1. When the helix-only estimate is applied to the chain (DSSP H runs of n ≥ 4, each -39,500 (n - 2.57), divided by the residue count), what is the mean residue ellipticity at 222 nm, nearest 500 deg cm²/dmol?
2. Just grab the label-to-label distance for residue 20 and residue 121, each label 7 Å out from Cα along the Cβ direction, in nm (one decimal).
3. For the charge dipole of the chain, defined by +1 on Lys and Arg C-beta atoms and -1 on Asp and Glu C-beta atoms about the Cα centroid, which residue among 116, 134, 156 has the Cα displaced farthest towards the positive pole?
4. Describe numerically, in nm with one decimal, the distance between label points set 7 Å from Cα along Cα→Cβ at residue 142 and at residue 74.
5. Fewest to most neighbouring Cβ within 10 Å: what's the order for 56, 65?
6. Just rank 108, 37, fewest to most, by other beta-carbon atoms within 10 angstrom.
7. How large is the charge dipole for the chain, taken about the Cα centre, if only the Cβ atoms of Lys, Arg (+1) and Asp, Glu (-1) carry charge, to the nearest 20 debye?
8. Note down the relative contact order for region 2-159 as a percent, whole number, built from C-alpha pairs under 8 angstrom at least six residues apart.
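Taken together, the values in this text are just the output of simple stated rules run on the coordinates, not laboratory data. Treat the numbers as computed from the prediction; the structure is a model and nothing was measured. When we count neighbours, we look across all protein chains shown, and the Cβ atoms used for this are built from the backbone with ideal geometry, even at glycine.
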Amino acid sequence: MQTSTTPGLSSSADEDRGDRWVVAQLVLMALVVVAGFLPPGWRGLTPVLAPVGAAIGFLGLLLAIWAWRTLGTAATPYPRPREGGRLVDTGPYAFVRHPVYVGGFLFFLGFVLATSPAALLPLAALALLWRNKAALEDEWLAQRYEGYDEYRRRVPGAFVPRSLHADRVA
């Protein structure tokens, strides 16, 4: 029996897909949306932030869809990889290891910018949850796929691509 070292919502049973992580992220996503409709709004900044937020949100949505479609049959909302899935290292996964979370974060950041600063706190909690969920996914992917450690060395950024400057320095 494997026990995760990830704090918080760790899983201890091999057959656990990580249902608690999915429930927690759905609750936090709902809180971001609800908080987005709370006052005070961005007041005088709304005419500037609303279109910027809409653009960021749209780009995030496109990235999340691209990443999800790239996964194909390996796609799952759970941190444990699907049985019979495959290691995906193409498309957005050639640049970052968790592009669905990046796209999701950008989508919700755009929503927050277009609506209300009250949603910043649940967005920060969602980002923290996704960081921890991604760490657990990395553990489980390394256990499932022989080539995952090499992929992690080749694509070191979980959420941010390695910059060209870092390549030259390293």
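1. -19000 deg cm²/dmol
2. Inter-label distance under the simple model: 2.4 nm.
3. Comparing the listed Cα positions along the dipole, 116 ranks first.
4. 1.7
5. Arranged by neighbour count, lowest to highest, 56, 65 become 65, 56.
6. The fewest-first ordering by Cβ neighbours comes to 37, 108.
7. Taking the Cα centre of the chain as origin, the dipole is about 440 debye.
8. Here the relative contact order equals 34 percent.
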